[in-house]
Amino acid sequence: MELLQNKILEEGKVLSESVLKVDSFLNHQIDPKLMLEIGEEFARLFTTEGITKILTLESSGIAPSVMTGLKLGIPVIFARKRKSLTLTDDLLTANVYSYTKQESNEISISNKFIQPEDCVLIIDDFLANGEAALGLIDLVTQAKATVAGIGIVIEKSFQVGGQKLREQGWRVESLARVESLSNGKVTFVNDKVEETI
Ligand code: G4P
C-alpha cells in the first residue's frame, strides 16, 4: 500500500536494526484518514471471505480494525491484555509471549462474542514473531469458529512471524512489508521487485 509506505518513510523512525517507531500515526497518535484507507484496503482484500467478525488485540490493533469493521459492516472485538473490571463472563484465554518485551501476557475475550458459526478476520498493527497472531488464532479456535485470514498493517519480514503463519497455511495480508531496517533506513520487500524490473 503506497500511501502507508510513504507515511512510514516520511514519519517512521528506525530505533534499531529491528524496531521501527511509528507513534505519529499508528502506535500513539493516530491518523484517522490513513486508518480509513487501511480499513478500505483490508475490506477489499478480504471481501469474498464471508467474514462476520474482526478480532484484534489492544491497543494499537483497534484503530485499523474499527475502520475495517466499518467498511465490512461487522463488529470488532479486541482481546484484552489486562483483566477488566467489567469482563465477568466466561473467558477464552491464550498466552502471548513478547520477544520484544520479554514477557508473557494472558490475553482474553468473552466467549459470548465469537460463536462457532463466525468467520473471523484477525487484524494487528505489527507482525514480528507472530506470537500475538498465534494467540488470537488460538482464541478463535477455542471458540470453534473459523479464521478467515490475518491482516497486518506493518510486517517486519526479516522476523519469523510471517513465514511461520504462512507455513501453517494461514492467509496473511500485510499492507507494508518491511524488508530491512539496516543502517537506519527502511526498505520494503517490493522495493527489490521494482529494482529488478
Ligand atoms: P509478535 O506478536 O509478532 O511476536 O511481536 P512482539 O511480541 O515482538 O511484539 C510486542 C509488541 O511490540 C506489540 O505491541 C507489537 O505490535 C510491538 N512491536 C513489535 N515490533 C515492533 C516495531 O518494530 N515497532 C513498533 N512500533 N512496535 C513493534 P503491543 O505491546 O501489543 O503494543 P500496543 O498494541 O499496545 O501498542
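None of the figures in this text is laboratory data; all of them are computed from the coordinates on show. Bear in mind the structure is a predicted one, so any value in this text is a computation, not a measurement.
Taking each DSSP H run with n ≥ 4 as -39500 (n - 2.57) and averaging over every residue of the chain yields -9500 deg cm²/dmol at 222 nm. Here the chain is described by how far its Cα atoms reach on the three principal axes: 50, 37, 33 Å, from widest to narrowest. Expressed as a fraction of 2.2 N^0.38 Å, the C-alpha radius of gyration for the range 2-113 is 1.20.
When only Cα pairs below 8 angstrom with a gap of at least 6 residues are kept, the chain shows a relative contact order of 19 percent. Between Val14, Val140, Val120, the residue with the greatest mean-square fluctuation in the GNM of the chain (Cα pairs under 10 Å linked by springs) is Val14. For the range 110-174, the alpha carbon convex hull comes to 71 Å³ per residue, rounded to a whole number.
Using the alpha-carbon positions of the range 1-42, Rg (one decimal) and Dmax (whole number) come out as 10.6, 31 Å. The share of C-alpha pairs in the range 84-145 whose separation exceeds 18 Å stands at 38 percent.
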